[in-house]
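So the structure is just underneath, and the comments pick up after that.
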Amino acid sequence: MMASSNKSSPKTSPHSRFIPREEIDQVAAWHFSAIGGVTEPAPLMDDENTESDDMLAMHQAVHEAREQAFAEGYAQGHDTGAQEVRDALEAATLKHNSELAERMAQVLKTMAEDLLDKEQDMARQILELSCEIARQVVRQEIRTNPRLLRPVIGEALEMIVDDGLPASVHMHPDDLARMHDALTKTLGESAPDFVGDASISPGGCIIHTPTTSVNATIEKRWARAVGNLGLSIEWASEVVND
């Protein structure tokens, strides 16, 4: 038995064909109805868009508020940090300047004290030099003009109480040899005894009475004179070379 030459046409699936647009009268979105027969209205697209816009606006506002808060916090922190740095620098500068001022004051004080000491040393050296010059002048005058001893003896005799007791004037033998006649003539009958004493330097004398003594040596008078200047310089006797 031979197969039939006519092939049967394939069956068309009801889901395999496209529906032409002209066959579609109206298309509407399908919504499930609520149980009980009450039909809920379909959500409106405008409401969804409005809610979406509100959410975007809210997110934008939150973002802007966050950015503003961050900026304000950053600015406040920056200002606070900068102020702290300025305060620290100012405190360090004040401390440094204070320490520098104290050191400068100490240096100036030390310099002033050193200058005062040097001035006092210079003044003392000048006085000592003046005393040395005066000593040389006095020595020269004593050597060349023995009459200078006459007022010295007169002043010393005036210091003795007039009690009628005998007095003796001790003086260097060279002075006695040159001044004896002049002193005896000047003092007359009240002239004391004159005694040569090599222990007494030229230009001075010591007057003795039974009750008192008057030291009018050149060393004593010199010490009194330089003592008034605040000095303590001894009268160094000249060394005579034989």
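Select, from GLU132, GLU72, the only residue that is assigned to a helix (DSSP H, G or I), surrounded by 10 or more Cβ atoms within 10 Å (Cβ to Cβ) and modelled with pLDDT of 80 or more. Give the derivation first.
Values: GLU72 fails: modelled with pLDDT of 80 or more.
The conditions single out GLU132.
Restricting attention to the stretch 202-224, report how many residues are outside any strand (DSSP E or B) and either over 56 Å from the mean Cα position of the chain (by Cα) or not small (Gly, Ala, Ser) (or both).
Result for the stretch 202-224: 14.
Sort out which residues of the stretch 129-140 are touching a residue at least 12 places away in the same chain (Cβ under 8 Å) and under 17 Å from ASP175 (Cα atoms), and write them in order of number. Scanning the stretch 129-140 gives VAL138, ARG139. Among the residues of the stretch 167-201, those that are crowded, with 18+ Cβ neighbours inside 10 Å, outside any helix (DSSP H, G or I) and aliphatic (A, V, I, L, M) comprise ALA167, VAL169, MET171, ILE200. For ASP79, are the conditions met, namely being assigned by TED's automatic domain parsing to the domain that holds CYS205 and either touching a Lys or Arg at 6+ places or on another chain (Cβ under 9 Å) or at negative phi (or both)? So ASP79 does not fit the description; no. Checked against the criterion of being in contact with a Ser or Thr (Cβ under 8 Å, 6 or more places away or on another chain), part of a helix (DSSP H, G or I) and modelled with pLDDT under 85, the candidates ARG150, ARG139, ARG143 yield just one match: ARG150. Within the stretch 180-224, if we keep just the residues that are more than 23 Å from GLN140 (Cβ to Cβ) and polar (S, T, N, Q), the residue that is modelled with the lowest pLDDT turns out to be SER190.
The values are calculated or read from the model by the stated rules, or taken from the named source; none is laboratory data. Everything numeric here is computed off the predicted structure, so don't read it as measured data. Here Cβ is always computed from backbone atoms with ideal geometry, including for glycine, and neighbour counts include all displayed protein chains.
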